[in-house]
Amino acid sequence: MEILDELSAKAKENPRLRCNLDMRNSAEDQSQRMLNALEPGTVMPIHRHKTTSETCICIRGHFEEYFYDDKGNLTDTIDMVQEGVVLNIEKGQWHSLKCLESGTVLFEAKDGPYEPLQDCDILSVQP
């Protein structure tokens, strides 16, 4: 668990309150596999990935994953805990999350190389 503790310590020091560790075999590996350490208060905008699905597993801690329709209406909430569900988010699905416990670490995998989110992939919802 030392690697998880180190990653969580870095997340606490990061202004974004999160830190990831690349789990690929090499830079030539065109998949995305990473550990993400999250701290309560990290901001994760509602977003989508148009070209890939996303698989998430809670390794440690607790977070909730939220799903939305195209208008920003909450459609589902999945409680993610250690030894809980393996969550597959379909490509194009609007989603976000909220970290509920300090020291939370999740495993995340996506198809293909990293692509930064475009403005059209972030859903701006007005209260």
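All of the numbers you see were taken from the coordinates with simple rules; none came from a lab. This structure is a prediction, so every number in the text was calculated from the model and none was measured. Reconstructed Cβ throughout: ideal geometry from the backbone, glycine too, with neighbour counts over all protein chains shown.
Tabulated data
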| read-out | value |
| --- | --- |
| Residue count, the stretch 91-110 (criterion: of a type in the set (D, E) and more than 14 Å from the chain's Cα centre (by Cα)) | 1 |
| Among (1) small (G, A, S); (2) under 12 Å from the mean Cα position of the chain (by Cα); (3) surrounded by fewer than 17 Cβ atoms within 10 Å (Cβ to Cβ) - the single one A37 does not satisfy | (3) |
| Number of positions in the stretch 76-101 that are more than 16 Å from M44 (Cβ to Cβ) and either of a type in the set (G, A, S) or surrounded by 13 or more Cβ atoms within 10 Å (Cβ to Cβ) (or both) | 6 |
| Residue among K91, K71, K50 that alone is without any contact (Cβ under 8 Å) to a residue 12 or more places away in the chain and either in contact with a Leu (Cβ under 7 Å, 6 or more places away or on another chain) or under 19 Å from D121 (Cβ atoms) (or both) | K71 |
| Hits in the stretch 40-53 - residues which are surrounded by fewer than 19 Cβ atoms within 10 Å (Cβ to Cβ) and not polar (S, T, N, Q) | P40, G41, V43, M44, P45, I46, H47, K50 |
| Residue under evaluation Q118, criteria (1) out of contact with any helix residue (DSSP H, G or I) (no Cβ under 9 Å at 6 or more places or on another chain); (2) of a type outside the set (A, V, I, L, M); (3) over 25 Å from E13 (Cα atoms); (4) surrounded by 14 or more Cβ atoms within 10 Å (Cβ to Cβ), criterion not met | (4) |
| Residues of the stretch 38-83 satisfying the condition of being over 22 Å from S8 (Cβ atoms), assigned to a strand (DSSP E or B) and touching a Gly at 6+ places or on another chain (Cβ under 6 Å) | none |
| From the options V105, V81, residue that is in contact with a helix residue (DSSP H, G or I) (Cβ under 7 Å, 6 or more places away or on another chain) and in contact (Cβ under 8 Å) with a residue 12 or more places away in the chain | V105 |
